[in-house]
Amino acid sequence: MTAALDLLAGRDRDLLVRVVAVACSGRTLPSTAEELAGLVVRSGEALVFCDVYVLDECGRVMEGAGRAVPLGEGDVGWVAAHGRARRHRDGRGVAVPVHSGPAVIGVLDVRSAGPCREPDVALVGALAELFAPVLCSCRRLRTAREREFAAERFAERAVQVQEAERSRLSREIHDGVAQHLASLGFHLSAAQAALEGPGPDGPAPSGARAQIARARELCDLAAAETRAAIGGLRPPVLDDLGLPAALATLAREAGAPTSHGAVDVTVTVTGELEEPLPDHVQTALYRIAQEAVGNCLRHAAATCVDLLLEHDRDRVRLTVADDGVGFAPRQGHRSGAYGLRGMAERAELLGGRFTVTSRPGAGTTVEAVVPIRNGSPGR
């Protein structure tokens with residue numbers, strides 16, 4: 001490396017500064033490779049063209065200049081496989097390896113206007129040494145981004161599969177159980193009307209009429225619960241109007257008066273995003289809110305529940321807080337433990353985190369923070 005620095009410093013005092021500027025620019029592949037290729041051409045005496053190839057994550061292909069060269073194929077592939085420079089057969093260029101330790105991670109492939117001069121060959125070799133840490137950093141960043149992108153796609157697919165199953169169940173309940181309940185209600189109404197009228201043996205016993213009326217009430221209750229289950233499996237408002245509107249609908253339904261009284265449920269949305277949240281992120285956050293509010297209604301004995309949805313540039317935060325009885329998280333919460341695990345799993349599936357803060361008599365706050373990643377990974 002010292003010899004390379006001496007050669008470069010003696011040839012062009014500003015060249016090292018320009019290489020450092022590219023290294024610190026924060027750009028990813030392939031834009032960094034293009035910048036480095038331009039530096040090679042501008043620094044040579046008779047160089048007219050340069051391609052920078054970088055080893056792919058699998059270690060089998062050199063990628064660059066919009067094409068991929070398998071190891072061992074052509075001049076670039078031969079250099080990548082053998083780790084030694086190789087001149088082109090016409091003498092008008094050379095391919096030089098970029099080493100990271102014993103491994104070849106890149107190749108500089110240059111062309112000249114005429115026969116490639118020795119000073120230019122030496123320059124390219126020195127630049128290959130200097131470019132090595134820059135390309136290593138870019139490869140690591142590319143790998144990290146590809147893995148993040150793969151994790152995001154996996155999470156999206158997992159949520160899609162879950163929601164597809166919920167939609168299937170919703171359709172089956174609607175077309176099966178709900179229709180049977182409707183038919184049962186019709187027949188109960190007909191039976192009740194028949195019992196009310198005069199029969200050949202006189203009026204029906206009052207006990208029979210009471211049983212029919214009770215059966216009718218239970219049928220209506222089952223039908224109402226079935227409709228609620230269908231709506232909970234896949235609320236149309238989430239698809240039609242998005243997460244904030246779905247949360248508002250959830251709050252309105254949760255705050256409806258019941259035999260146990262009414263709960264004041266409020267929703268606050270802050271911040272704006274440059275792009276809408278991905279569908280699978282909206283779905284996961286809605287499910288977390290749905291479970292958290294359900295826990296409040298079933299277990300917390302709360303009078304007030306606050307939902308807060310905060311949008312930031314690179315993340316979204318959902319907070320559900322109640323003023324209920326609370327519990328000791330370390331000891332678990334037997335009736336709500338499964339729901340808490342489910343909420344945590346949904347957040348973690350998206351690469352986020354889920355926390356629960358509570359103590360007896362002081363209410364409970366659950367918080368889900370999910371990162372937002374837009375676009376595909378840089379190559």
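The values are calculated or read from the model by the stated rules, or taken from the named source; none is laboratory data. Quick caveat, the model's predicted, so the values are computed rather than measured. In this analysis, Cβ positions are derived from the backbone assuming ideal geometry, glycine residues included, and neighbour counts consider all displayed protein chains. Accessible surface areas use protein heavy atoms only, side chains included; no ligands, DNA or RNA. Shrake-Rupley method; radii C 1.70, N 1.55, O 1.52, S 1.80 Å.
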Solvent-accessible surface (1.4 angstrom probe) belonging to HIS82, in square angstrom, nearest 10: 90 Å²
Net charge (Lys, Arg +1; Asp, Glu -1) of residues whose beta-carbon lies under 10 Å from that of ASP75, ASP75 excluded, is +1
Please calculate the 1.4 Å probe accessible area of PHE154, with all protein chains present, and give it to the nearest 10 Å². 130 Å²
Counting only protein heavy atoms, what percent of the accessible surface of region 232-312 is carbon or sulfur at a 1.4 Å probe? 52 percent
The answer for region 68-128, accessible area per residue at 1.4 Å probe in Å², is 44 Å²
